[in-house]
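One structure below.
The values are calculated or read from the model by the stated rules, or taken from the named source; none is laboratory data. Predicted, not measured: the structure shown is a model, and the values here were computed from it. FYI the Cβ positions are ideal-geometry reconstructions off the backbone, even for glycines, and counts take in every protein chain you see. For the accessible areas, the whole protein counts, side chains as well, though only heavy atoms, and no ligand, DNA or RNA atoms are used. Shrake-Rupley method; radii C 1.70, N 1.55, O 1.52, S 1.80 Å.
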Amino acid sequence: MDSKRILVLGIGNLLWADEGFGVRCVEALNEGWSFPPQVNLMDGGTQGLYLLPYVQEADCLLVFDAVDYGDEPGTMREVIGDQVPRFMGAKKMSLHQTGFQEVLMAAELTGKLPQELVLIGVQPEELEDYGGSLRDVVKAQMAPALDKALDWLSRWGAPGRVRTEAAEAITDTALAIDIYEGERPSANQAYRLGDARFLNMEAA
């Protein structure tokens, strides 16, 4: 029996607070569970069209992302099927969403759009915080998002197994959430909205 080829993507930018939700989810999924070989867990970051070949090869695609639905911060939505491209472009927060919407369009134009699409998205609270991390209301949605993802993977014939061994990292270990949150300077020490020297010069 042929196995479905499954791609699980976390997209976004870890360096801009809640923009990192998608990457943090796929990172946590990889650390907590192992899956059959037909499952590919990937930190898609902000790679845009570079992700096209991976999407074209998949039968099933699950995406984690922070998406501005206009909801209360921390609200999670599960979007399925042909609604996914529409929601990816609902309100562009950054270039990565424009890029990924183009990936889905290109896959469809080439006749290689995955047969099943799922987006697990959360409404961000804060994006304008360079060097910041997930806000508590968004981080609290990671566990429910992973539960939804595990349900879909089981439905697609690729149930997860709780890891008893160390996982091979899929993101840069220097950006792992514990290190990133534990070692970054505070907002008082590192001005996160731009270069304070330049902004002070402009104000003067």
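Screening Arg86, Arg77 for residues that are of a type in the set (Lys, Arg), at pLDDT below 90 and more than 25 Å from Leu175 (Cα to Cα) leaves exactly one candidate, Arg86. For the stretch 116-143, filtering for residues that are closer than 24 Å to Lys4 by Cβ and surrounded by fewer than 19 Cβ atoms within 10 Å (Cβ to Cβ) leaves 1. Of all residues in the stretch 50-82, those being among the small types (Gly, Ala, Ser) and exposed (fewer than 15 other Cβ atoms within 10 Å of the Cβ) number 2. Between a first residue in the stretch 164-184 that is farther than 12 Å from Ala28 by Cα and open to solvent by less than 70 Å² (accessible area, probe 1.4 Å) and a second residue that is modelled with pLDDT of 80 or more and among the polar types (S, T, N, Q), which pairs have beta carbons less than 9 Å apart while being 6 or more apart in sequence or on different chains? So the pair list comes out as Tyr180/Ser133; Glu181/Ser133.
Look at (1) at pLDDT 95 or above; (2) in a loop (DSSP other than H, G, I, E, B); (3) of a type in the set (A, V, I, L, M, F, W, C) and you find that Leu127 fails only one, number (1). Residues of the stretch 109-163 being touching a residue at least 40 places away in the same chain (Cβ under 8 Å), among the charged types (D, E, K, R) and closer than 16 Å to Ile80 by Cβ, which ones? Scanning the stretch 109-163 gives Glu116, Lys148.
Restricting attention to the stretch 144-163 and to residues that are assigned to a loop (DSSP other than H, G, I, E, B) and of a type outside the set (A, V, I, L, M), the residue that is surrounded by the fewest Cβ atoms within 10 Å (Cβ to Cβ) turns out to be Arg163. Against the definition (buried (at least 16 other Cβ atoms within 10 Å of the Cβ) and not in a loop (DSSP other than H, G, I, E, B)), how does Leu113 come out, yes or no? Spelling it out, it is not the case that Leu113 is buried (at least 16 other Cβ atoms within 10 Å of the Cβ) and not in a loop (DSSP other than H, G, I, E, B).
The residue that is most open to solvent (accessible area, probe 1.4 Å), counting only those in the stretch 1-49 that are out of contact with any helix residue (DSSP H, G or I) (no Cβ under 6 Å at 6 or more places or on another chain) and of a type in the set (Ser, Thr, Tyr), is Ser3.
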